[in-house]
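Asks: Pasting in a structure now, in structure tokens, and then I'll have a few things to ask.
The values are calculated or read from the model by the stated rules, or taken from the named source; none is laboratory data. Source: prediction; values computed, not measured. Cβ coordinates were reconstructed from backbone atoms using ideal geometry, including for glycine residues, and neighbour counts include every protein chain displayed. When the accessible area is computed, the model is the full protein with side chains, heavy atoms only, and any ligands, DNA or RNA have been set aside. Shrake-Rupley method; radii C 1.70, N 1.55, O 1.52, S 1.80 Å.
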Amino acid sequence: MTMRYMPDAGRLYGPEYARDPQAVYAELRKRHGAVAPVEIAPGIEAHLVIGYQAALDVLTNVGGVWIKNGTAWQARVPDTPEAAGPVAMLGYRPNALMSDGAEHARFRKVISDCFDLVQPHKLRQMVIEVSDSLISQFAAKGEACLVSEFAQPIPARIFNALFGRPDSDSAGLIQAMADLMEADGERGKRGSDAFSRYIGELVQSKHAQRGDDLTSWFIDHPAALQPNELAETLVLVMAAAYEPTANLISNTISRMVSDDRYYSSLSNGALGTYDALMEALRAEPAMSNYGPYFVRQPVHFHGTWIQPAELVLVSYAAANTEPTNVPEELRSDGGAYLGFGAGPHRCPASDPAMIIAMTAIERLTSHLCDLELTVPREELSWRPGPFHRALAHLPVRFTPIRPDQPGESPWAVQPPSSSTPSAPTYQGRSGDYATSAPWSS
Ligand code: HEM
């Protein structure tokens, strides 16, 4: 596919972009204004919406000019290895994220109804137990990588349990998600295949025996999802839950341990975990550019002509950080920014996501109160990929703590686990984190 746009398209891939995406957005803003031409992989072009008002104009006008179904775009994407990853992430699927109108409303209702059954205080307790069991595995070492040893396993274990899978599946899930999110050709395809297998096994086990878990509620929801719709909804929710939550946790911790305003707060300071989460959601949102949108007909939008079958990506990361004169209180999001999106496709699970991230970080910083990075924050390495802002590693050191120390210790609580695939995997706690589904009685 030849370049259709302006010749100086920005690159949302490669080490330079991964090192400092905000520098790339600033340069694009200078050269193009609110909407900029970019490549998300070699030969795969998109319009990147980097203006705050322009982003809101897209997100809150879905259903009119703007649509989520990218079938027309997909048909024009070249069949190259580089395109495989982006197509896996952006191509049409019968799920809430990629559909419009009544189809979207039906899928979204299944997700919202079932998540409503997860009780916040039970979820919080579950996060405490998972966090404490993870902390207990590295607390005596005095050092850890908080991406692989904490931020990634937290949502993997929590959602394994909520969906009704055993803890032993967490490692495979983490690898599949990492491959899928890199979106770099063959590796993206491999991740997509591994993830599909994971979901296939999940559906099979729950069809064999229901439990008090999200998968069983999805299966029995009155919307009566067809088998492919069910699988795609599970793929979406698991992917949407795992990757951004892991990244929200690690991005936030990386700020807290490298900024004096938070550093002192670990023991006794001015700004706390909630402030750090808000700042991470604004300046480094986990789903940095994963807002795919399309137009029904040609549109002249903030100075750029956009044609049907062209990919538009809302950059939550760039829109959030656009220098603006609009006072915070006048912004339509009341200062919460676009970290969770906006409009009809806004994240339906921002509350549980915040409970998970907030609780996990509070557990970590209450057990290990002198965490510090082993390298300056500027030297941390970030995973490549156009869609996310994801640390590859988060190396920290701290004063080791040991089980025989007095006071509350993380290993007092046993990690959740289960070897029974057909029962809810949160050991011995069937139905404990949820109310029962009204449609199952
Ligand atoms: C409990 C964990 C989470 C779950 C289950 C979840 C689930 C979802 C789902 C199903 C959607 C699609 C909704 C629709 O299209 O109607 C969505 C959208 C979205 N989510 Fe989440 N999410 C979670 C955590 C997060 C986190 C931590 C972030 C960012 C920090 C995030 C950011 C977003 C954004 C920006 C969108 C909008 C995408 C768009 O505009 O197309 N989510 N989420």
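Asks: Once you have the Cα-Cα distance between ALA102 and GLN53, take 0.36 nm times their residue separation minus that, and quote the gain in nm to one decimal.
Replies: 15.0 nm
Asks: Could you sort ILE199, ILE219 by accessible area so the largest value comes first, with the probe set to 1.4 Å?
Replies: My answer, sorted largest first, is ILE219, ILE199.
Asks: Here is a further query. Which trypsin sites (Lys or Arg not before Pro) in the stretch 1-102 sit in a loop by DSSP (not H, G, I, E or B) and have at most 13 other Cβ atoms within 10 Å of their own Cβ?
Replies: ARG4
Asks: Within straight cross-link reach of LYS68, meaning Cα distance under 20 Å, which aspartates and glutamates are found once same-chain residues fewer than 8 apart are removed?
Replies: GLU39, GLU45, ASP57, ASP100, GLU103, GLU229, GLU232, GLU310
Asks: Now for a separate question. What dipole magnitude, in Debye to the nearest 20, does the stretch 10-417 give about its Cα centre under +1 on Lys/Arg Cβ and -1 on Asp/Glu Cβ?
Replies: The calculation lands at about 500 debye.
Asks: Further, regarding this structure: As I understand it, the dipole of the stretch 10-417 uses +1 on the Cβ of Lys and Arg and -1 on the Cβ of Asp and Glu, about the Cα centre. Which of VAL118, GLY303, THR359 lies farthest toward its positive end?
Replies: GLY303
Asks: At a 1.4 Å probe radius, carbon and sulfur cover how many percent of the accessible area of the stretch 10-417?
Replies: On the way: 8170 of 15660 Å².
Ligands and nucleic acids excluded, carbon and sulfur give 52 percent.
Asks: What would the Debye equation give as log₁₀ I(q)/I(0) for the stretch 10-417 at q = 0.07, 0.11, 0.14 Å⁻¹, counting only Cα atoms as equal point scatterers?
Replies: Ignoring solvent entirely, the Cα scatterers give -0.32, -0.81, -1.33.
Asks: Mind checking which lysines have their C-alpha under 25 Å from LYS122, skipping anything on the same chain fewer than 8 residues away?
Replies: LYS109, LYS206
Asks: Mind listing the long-range amide H neighbours of GLY10? Cut-off is under 5 Å, sequence gap 5 or more, other chains count too, H placed in the peptide plane at 1.01 Å from N.
Replies: Those qualifying (amide H under 5 Å, at least 5 residues apart or on another chain) are VAL38, GLU39.
Asks: Please compute the per residue accessible area over the stretch 208-254 with all protein chains in place, 1.4 Å probe, rounded to a whole number of Å².
Replies: Accessible surface, normalised per residue, equals 27 Å².
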